[in-house]
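Undergrad: One structure coming up, written as structure tokens, with questions to follow.
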Amino acid sequence: MMKKATVAEVTAMISPNPLMLVCTQKKNGRLNMAPVSFFMYVSFDPPMVSFAMMRESNTGANFRRTQKAVIALSGISIKDAVMAYGSVSGSKVDKLEETPIPLAGMEGTDIQFPEDSKVALAVTLERTVVAGDHYLYTCRIDHMVADEEREGLFAWNGYSLAAPATVKE
């Protein structure tokens, strides 16, 4: 039987969602990473993605300032780090100093991303839209790398669980 539900309840029911890490540069040049599951592809030609983050997020401020980021579908080996990165603001701490992980790079950007990533997209900000308590960022994909052999992390039950997605046959 259908009943009235909150946005949080419905978001938790629509699982899994890719748990992407948005990697940006802080004003001091250090790397910052924040998980986001409000993510979607929006165009094949040109290749574009969108994601939404809370309006007061440090990562969003970094992205609006530099207009560059790497968005990575992190692998399962860094699950605990991804959850830790989502529990504190990068404006207050250096997340990678507190919870270090191996990093990688790609052509076309100086922004690093987790070495254990299934997919990484170097993006340029095209448009920012106020969407309630979030900003919606629409981005052009400049470069992409992928590793089919890696297993990506997905957000389950909102952000209460980070785990791989499995298909039940």
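The values are calculated or read from the model by the stated rules, or taken from the named source; none is laboratory data. All values derive from a computational prediction rather than experimental measurement. Methodologically, a virtual Cβ is constructed for each residue, glycine included, from the backbone with ideal geometry; neighbour enumeration extends over all protein chains shown. Please note that ligands, DNA and RNA were not included when accessible areas were found on the heavy atoms of the full protein model with its side chains. Shrake-Rupley method; radii C 1.70, N 1.55, O 1.52, S 1.80 Å.
Undergrad: For the stretch 47-119, please list each of the helices (runs of 4 or more DSSP H) lying entirely inside it that holds at least 1 residues being closer than 18 Å to Lys27 by Cα and modelled with pLDDT of 95 or more. Write out each step before concluding.
TA: Numbers: elements: 58-66, 79-85, 95-98.
Per the criteria, 58-66.
Undergrad: Please go through the stretch 106-131 and pick out each residue that is closer than 13 Å to Met48 by Cβ, surrounded by 19 or more Cβ atoms within 10 Å (Cβ to Cβ) and in contact with a Lys or Arg (Cβ under 7 Å, 6 or more places away or on another chain).
TA: Val123
Undergrad: For the stretch 52-70, what are the residues that are within 22 Å of Asp80 (Cβ to Cβ) and not aliphatic (A, V, I, L, M)?
TA: Ser57, Asn58, Thr59
Undergrad: Out of the residues in the stretch 132-169 meeting the condition of being without any contact (Cβ under 8 Å) to a residue 24 or more places away in the chain and aliphatic (A, V, I, L, M), tell me which one is nearest to Ala52 (Cα to Cα).
TA: Leu161
Undergrad: Out of all the residues in the stretch 132-169, which are open to solvent by 60 Å² or more (accessible area, probe 1.4 Å), over 19 Å from Val70 (Cβ atoms) and part of a strand (DSSP E or B)?
TA: Trp156, Leu161 - these are the residues of the stretch 132-169 that are open to solvent by 60 Å² or more (accessible area, probe 1.4 Å), over 19 Å from Val70 (Cβ atoms) and part of a strand (DSSP E or B).
Undergrad: If you go through the stretch 65-95, how many residues are touching a strand residue (DSSP E or B) at 6+ places or on another chain (Cβ under 7 Å) and either open to solvent by 20 Å² or more (accessible area, probe 1.4 Å) or on the phi > 0 side of the Ramachandran plot (or both)?
TA: Residues of the stretch 65-95 touching a strand residue (DSSP E or B) at 6+ places or on another chain (Cβ under 7 Å): 66-75, 78-79, 82-83, 85-86, 90, 95.
The next check asks that each one be either open to solvent by 20 Å² or more (accessible area, probe 1.4 Å) or on the phi > 0 side of the Ramachandran plot (or both); those that pass are 66-68, 79, 83, 86.
Final tally of qualifying residues: 6.
Undergrad: Do you know which residues across the stretch 40-79 are of a type in the set (Phe, Trp, Tyr) and over 22 Å from Ile14 (Cβ atoms)?
TA: Those that are of a type in the set (Phe, Trp, Tyr) and over 22 Å from Ile14 (Cβ atoms): Phe44, Phe63.
Undergrad: Could you please find all residues in the stretch 13-46 being open to solvent by 40 Å² or more (accessible area, probe 1.4 Å), among the hydrophobic types (A, V, I, L, M, F, W, C) and outside any strand (DSSP E or B)?
TA: Once the filter is applied, which keeps residues that are open to solvent by 40 Å² or more (accessible area, probe 1.4 Å), among the hydrophobic types (A, V, I, L, M, F, W, C) and outside any strand (DSSP E or B), the stretch 13-46 yields Met13, Ile14, Phe38, Phe44.
Undergrad: Next question. Pull up the stretch 114-131, narrow it to residues that are touching a residue at least 40 places away in the same chain (Cβ under 8 Å) and among the acidic types (Asp, Glu), then point me to the one that is farthest from Cys23 (Cα to Cα). Steps first, answer last, please.
TA: Step one: list which residues in the stretch 114-131 are touching a residue at least 40 places away in the same chain (Cβ under 8 Å), which gives 114, 116-126, 128, 130-131.
Now restrict to residues that are among the acidic types (Asp, Glu): 116, 126.
Values: Asp116: 14, Glu126: 17 Å.
Per the stated criteria, the residue is Glu126.
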